[in-house]
Amino acid sequence: MRDQDLAFLSIRELAQLIRSRRVSPVELTQLYLERLERLGPKLGAVVTITHELALAQARRAEREIMRGQYRGLLHGIPYGVKDLLATKGIPTTWGAAPYRNQVFDYDATVVRRLERAGAVLVAKLAMVELAGGMGYNTADASFTGPGRTPWNLEYWSGGSSSGSGAAVAAGLVAFAIGSETSGSILTPAAFCGISGLRPTYGLVSRYGAMALCWTLDKLGPMCRTADDCGIVLAAISGKDPKDPSSVARKFTYSVPLLPTRRMRVGIVKGALERVQPEVQKNFEAAVEVLKKYATIEPEVALPDLPYGQVVGIIVNAEGASAFRDLIESGRLAELQNPRDRIGGYAGMTVLAVDYLHAQRIRVRIRQALDDMLSRYDALIAPTRATVAYPIGVEFERAYPGVGGGPALIPAGNAAGVPALSIPNGFGQAGLPTGLQLVGRAFSEATLIALANAYQRETDWHRRRPPLEA
Amino acid sequence: MRKKGRATRRQFLKTVAATAIFPSTFSLSKETEGKTEAVGVATPSSQQPLTPSAAAEALGELVRIRYGRFLTEEQLAEVKRQIERSLRSAERLRSFPLTNADEPDLIFRAMP
């Protein structure tokens, strides 16, 4: 098999090759290290390549596998993490110039759990500075420069898990970890044409992750297939005494799940209002595929609640508190994006009663969404109304007249429910589009089963960007 | 012209007083609600220029007093517009009916 083909295999396929000793973890690691070095800079996707650690972990995996001590599907699989996860002795920059020399003396729980599963950390991946909490409005919002989608280098890879999205799509890693406060896994997954899973709030420990917003932050897998998302989530989920928000539930996953009965899927009302024509066409085609596995109910209205405002006030207040030292030191001025240099100051003026009001409404949001989601296996909508934004253009000026629609991303994040974005075609400028599936809290297995069924019927997740052409 | 970061306490209190008389009465329209997505993709907001209300001016003065040394006049004007957007969001939330029994979505535990 050619290296280029190997680099784009799914975790499950790579695991089979590794377990049967047809591919060595060391060779696979060297392949990804070479691709990270050669292609990473073109994409603005990489902060640090962890050569020494990666090769040490790969050699260890190889020794263990040769001795017959196979740990599971992630054993010997190279991966990257968004550079907001602490890694002992390796810089963790949070994508922001004021922290570019920051080094922690411990590993984040997710990194520790992946090491225990035998995975190989090859890179710390680029991200929007401070995970976008200061209100950036262009792709140029990281000290590593704008993240570029491998499908068209003139366009953004999405944020804030920019490097995680681009690196998976370009075959620089087998999978990556991203984080989402409101949209930061789903958006780069859609803009890069990969599968991204935002888990239920609390399912994955955030110990060792940069805090932007304690009541909204989640960590989740970004992979080439939905099946791979299940494999990674199984390794990183579960209670962690070091993260009080983590819950005593473990997600288990080994064989690829498929729907065991006919599912019930609702299309979010207004989901196709003001979307790009290709986004609409691809969504409608995806619905036709899903009809094989699900009864589709059109026009399911989201409860009329102020999702965007609730999330906005919570992010502004918690973000200002989390970065109060930075804001009060004046070092926001060192951030890359002009909007980020001032965003924290407005956050410092959010009134406590307004923050608490938002948190009180949030209870109603959770209840209302759960009532509605309990009637469906999943709600679906286009992940984004448009393809990726052009680099160098303010987001709000990129596609005038397009965008808006139902606030599914802030609604899902406010309620803490899981969502999965999978690729469902291409739109203008050769850029991918995404299909978003949202379900009840802890319904990840159902979402993955439905997405697996979709990916069994389609090959959008198999397409490769023209990066090396 | 007043020097950046040098609002007197009297000027600040005067603006705060005006806030009480002219509270922000705007709220985000339904059309913009779905676009208010923090973090994942920044906050595509209305292209229409925002004029800060008296409340935003007052809170902007607080920013000037505390952090004015870090900000240019242009940046401070943008901070005030951001404050105005935040106040409009808060205003929309205040229109949502809650009772005394509605607790915030935060759990305090006495055990360490």
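The values are calculated or read from the model by the stated rules, or taken from the named source; none is laboratory data. Keep in mind the model is a prediction, meaning the values are calculated, not measured. Virtual Cβ from ideal backbone geometry, glycine too; neighbours counted across all protein chains shown.
Please state which one of A:Gly95, A:Gly76 is touching a strand residue (DSSP E or B) at 6+ places or on another chain (Cβ under 9 Å), closer than 28 Å to A:Ser254 by Cβ and in a loop (DSSP other than H, G, I, E, B).
Every option except A:Gly76 fails the conditions.
Filter segment A:324-338 for residues that are at the interface with chain B (Cβ under 8 Å from one of its Cβ atoms) and either at pLDDT below 95 or surrounded by fewer than 20 Cβ atoms within 10 Å (Cβ to Cβ) (or both) and give the result.
A:Glu328, A:Gly330, A:Ala333
If a residue must be assigned to a helix (DSSP H, G or I) and touching a helix residue (DSSP H, G or I) at 6+ places or on another chain (Cβ under 9 Å), how many such residues does segment A:278-318 contain?
Qualifying residue count, segment A:278-318: 17.
Check off (1) part of a helix (DSSP H, G or I); (2) in contact (Cβ under 8 Å) with a residue 60 or more places away in the chain; (3) not charged (D, E, K, R) for A:Ala333 and give me the number that stays unchecked.
(2)
If only one of A:Arg362, A:Arg366, A:Arg384 is surrounded by fewer than 21 Cβ atoms within 10 Å (Cβ to Cβ) and either at pLDDT below 95 or facing another protein chain (nearest Cβ under 9 Å) (or both), which one is it?
Going through A:Arg362, A:Arg366, A:Arg384 in turn, just one is surrounded by fewer than 21 Cβ atoms within 10 Å (Cβ to Cβ) and either at pLDDT below 95 or facing another protein chain (nearest Cβ under 9 Å) (or both): A:Arg366.
Report, by residue number, each residue of segment A:136-160 that is assigned to a loop (DSSP other than H, G, I, E, B), within 12 Å of chain B (Cβ to nearest Cβ) and touching a strand residue (DSSP E or B) at 6+ places or on another chain (Cβ under 8 Å).
A:Ala139, A:Ser157, A:Ser160
Out of A:Leu9, A:Leu31, I need the residue that is assigned to a helix (DSSP H, G or I) and touching a helix residue (DSSP H, G or I) at 6+ places or on another chain (Cβ under 9 Å). Which one?
A:Leu31
Quick grid of which residues meet (1) closer than 20 Å to A:Leu450 by Cβ; (2) in contact with a strand residue (DSSP E or B) (Cβ under 8 Å, 6 or more places away or on another chain); (3) of a type in the set (Gly, Ala, Ser):
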site: A:Val363; (1), (2), (3): no, no, no
site: A:Leu369; (1), (2), (3): yes, no, no
site: A:Thr383; (1), (2), (3): yes, yes, no
site: A:Thr386; (1), (2), (3): no, no, no
site: A:Glu394; (1), (2), (3): no, no, no
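Among the residues of segment B:62-72, is there at least one that is among the hydroxyl-bearing types (Ser, Thr, Tyr), under 17 Å from A:Leu351 (Cβ atoms) and in a helix (DSSP H, G or I)?
no
Can you say whether A:Thr138 is in contact with an Asp or Glu (Cβ under 9 Å, 6 or more places away or on another chain), more than 30 Å from A:Ser329 (Cα to Cα) and at pLDDT 95 or above, as far as the supplied structure shows?
no
Can you confirm whether segment A:60-72 contains a residue that is of a type in the set (Ser, Thr, Tyr), within 26 Å of A:Thr252 (Cα to Cα) and either touching a helix residue (DSSP H, G or I) at 6+ places or on another chain (Cβ under 7 Å) or in a helix (DSSP H, G or I) (or both)?
Yes, some residue in segment A:60-72 is of a type in the set (Ser, Thr, Tyr), within 26 Å of A:Thr252 (Cα to Cα) and either touching a helix residue (DSSP H, G or I) at 6+ places or on another chain (Cβ under 7 Å) or in a helix (DSSP H, G or I) (or both).
Answer with yes or no whether A:Gly427 is surrounded by fewer than 24 Cβ atoms within 10 Å (Cβ to Cβ) and either in contact with a helix residue (DSSP H, G or I) (Cβ under 6 Å, 6 or more places away or on another chain) or within 16 Å of A:Met222 (Cβ to Cβ) (or both).
Here the answer is yes, as A:Gly427 does meet what is asked.
If you take the residues of segment A:314-328 that are in contact (Cβ under 8 Å) with a residue 24 or more places away in the chain and more than 25 Å from the chain's Cα centre (by Cα), which of them is farthest from A:Trp94 (Cα to Cα)?
A:Arg324
Only one of A:Ala294, A:Ala301, A:Ala352 is aliphatic (A, V, I, L, M) and within 12 Å of chain B (Cβ to nearest Cβ). Can you tell me which?
A:Ala352
Are there any pairs, at least 6 apart or on different chains, whose C-beta atoms fall under 6 Å, with the first in segment B:91-112 and under 23 Å from A:Gly308 (Cα atoms) and the second in a loop (DSSP other than H, G, I, E, B), and if so, which?
The qualifying pairs are B:Glu91/B:Ser24; B:Glu91/B:Ser27; B:Arg92/A:Pro306; B:Arg92/B:Ser27; B:Arg92/B:Leu28; B:Leu93/A:Pro306.
What are the residues in segment A:387-397 that are more than 7 Å from chain B (Cβ to nearest Cβ) and surrounded by fewer than 22 Cβ atoms within 10 Å (Cβ to Cβ), if any?
Within segment A:387-397, A:Pro390, A:Ile391, A:Gly392, A:Val393, A:Glu394, A:Arg397 meet the criteria.
Could you pull out the residue among A:Gly230, A:Gly238 that is at pLDDT 95 or above, surrounded by fewer than 20 Cβ atoms within 10 Å (Cβ to Cβ) and under 30 Å from A:Ile77 (Cβ atoms)?
It is A:Gly238.
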